[in-house]
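A quick write-up on the structure given underneath.
The values are calculated or read from the model by the stated rules, or taken from the named source; none is laboratory data. Predicted model, so just to flag it, every value in this text is computed and none were measured. Using ideal geometry, Cβ is built from the backbone for each residue, glycine included, and neighbour counts are taken over all protein chains shown.
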Amino acid sequence: MNIIEATERFETWLRRRIPVVEADLAFKHEQMRADPFLYFRATFYRWAQLWPKRCGRLARTRTVQAVGDLHLENFGTWRDAEGRLVWGVNDFDEAHPMAFPNDLVRLAVSALIALHTQPEMKLSPHEVFEQLIAGYASCVEAGGEPLVLMEKHPELRAMAVQQLRQPVEFWTRLDAKTKRLTGKLPDGVARAFRKILPEGVQPSYRVVTEPKGLGSLGRRRYLAFSTFQGGRIVREAKDVVPSACLWAAKEKPGKGNPWLERTVDAAVRCADPLYRVKGRWLVRRLGPDCSRIDLEQLKHHKDFASLLHSMGWETANIHLGTPGARKPLARALRQLPKDWLSEAAHTLLESTFADWKVFKEAKKVCGPP
């Protein structure tokens, strides 16, 4: 099965799960052709197919509650229950039990693609692998620790604070990308919004007109805007679907993705209290300091090596949420061959570029029948 057939089959599978926004899928295909990093972000379903075939030995190692679709742009900031600024993984749409090397290999491949496409990132592949493994191993040894940007992590704090979106700019951009909802808001969305909005707030509902993200393009997204105690607030709701791991393994999925909230709640983490799954909808707060940090921002970071170390550390924070994982993870990590991450990352990097070339040159991916 090549990438074109895989894409058609996956999108057919997706249409059986949720009402798909077809215009967003068409936009997604355009983005996938335009750039290898965008292609990579959008094709976890293909990764889930290739990972056990290309990296069979690693795919049979210790299983953990994994992010699945981990990459450089899957990190960001949020505020915890104490109002502290926290940095870490901010997208768990594809969360699913997987062998622990999966997240590190996928993260490494995304970094290699970024080095290939972004000349500003002055780092060697060897340094990428070294920093990711060092951060991961150190966190496992320590038993995990959330990355709270207060007294600790000065380099990470400087990067995160520098990249926080200015409030006026944030709201201007968000207003330009949305329009007032004219149809009926799904009952499940209305209930989900009521549970995470302040009591008594009367929101106006909007829909996204300029697609955002890549991996989840095609899912419905709704926004609830309001004002609260003198300032604007917004919440987002989007469809939750089963992980593409189930599609790749040809397993029958249930409703939603039970591993999403389970993985978030179990991780060594200072949680965002407004990031929850309500029924079949993921609802969360959006704001200038509650958003992901994208590649355009990352490439200007002066110490990319230390950032990768933090990414490796945060990956371990997620995996350590698996019951009893600490000692088995440390042991499994020691038992891997010396160059395991380099070999696996280069193998899947080659597959990724080969698939991207095929996808880029294809005239069209078939839409719904």
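In segment 1-24, how many are assigned to a helix (DSSP H, G or I), modelled with pLDDT of 90 or more and among the hydrophobic types (A, V, I, L, M, F, W, C)?
Residues in segment 1-24 being assigned to a helix (DSSP H, G or I), modelled with pLDDT of 90 or more and among the hydrophobic types (A, V, I, L, M, F, W, C): 6 in total.
Pull up segment 213-233, narrow it to residues that are closer than 30 Å to residue 44 by Cβ and in contact with a Leu (Cβ under 8 Å, 6 or more places away or on another chain), then point me to the one that is modelled with the lowest pLDDT.
214
Counting just the residues of segment 284-311 that are within 15 Å of the chain's Cα centre (by Cα) and closer than 22 Å to residue 82 by Cβ, which one comes out modelled with the highest pLDDT?
Step one: list which residues in segment 284-311 are within 15 Å of the chain's Cα centre (by Cα), which gives 284, 290-295, 311.
Add one more test, that the residue is closer than 22 Å to residue 82 by Cβ, and what stays is 284, 290-293.
Values: 284: 94, 290: 83, 291: 75, 292: 76, 293: 74.
By that ranking, first place goes to 284.
Inside segment 94-120, can you point out the residues that are farther than 21 Å from residue 62 by Cα and either of a type in the set (A, V, I, L, M, F, W, C) or modelled with pLDDT under 95 (or both)?
First pass over segment 94-120, keeping only residues farther than 21 Å from residue 62 by Cα: 110-120.
Residues satisfying the conditions are 111, 112, 113, 114, 115, 116, 117, 118, 119, 120.
Determine whether segment 205-212 contains at least one residue that is surrounded by fewer than 19 Cβ atoms within 10 Å (Cβ to Cβ), at pLDDT below 90 and closer than 19 Å to residue 91 by Cα.
yes
Please work out which one of (1) under 25 Å from residue 31 (Cβ atoms); (2) modelled with pLDDT under 95 is the condition residue 356 fails and give its number.
Failing condition for residue 356: (2).
Show the residue pairs that are 6+ apart or on different chains and have beta-carbon atoms under 9 Å apart, the first residue being within segment 150-169 and under 13 Å from residue 75 (Cα atoms), the second being at pLDDT below 70 and of a type in the set (D, E, K, R).
Listed by first residue and then by second, the contacts come to 159/302.
Restricting to helices (runs of 4 or more DSSP H) lying wholly in segment 165-262: which have 3 or more residues that are of a type in the set (D, E, K, R)? Step through it out loud before you land on a result.
Working: elements: 167-176, 187-196, 244-248.
Result: 167-176, 187-196.
With the requirement that a residue be among the acidic types (Asp, Glu) and surrounded by fewer than 21 Cβ atoms within 10 Å (Cβ to Cβ), what does segment 237-264 give you? Show your work before the answer.
Keep residues of segment 237-264 that are among the acidic types (Asp, Glu), which gives 239, 251, 261.
Across segment 237-264, the qualifying residues are 251, 261.
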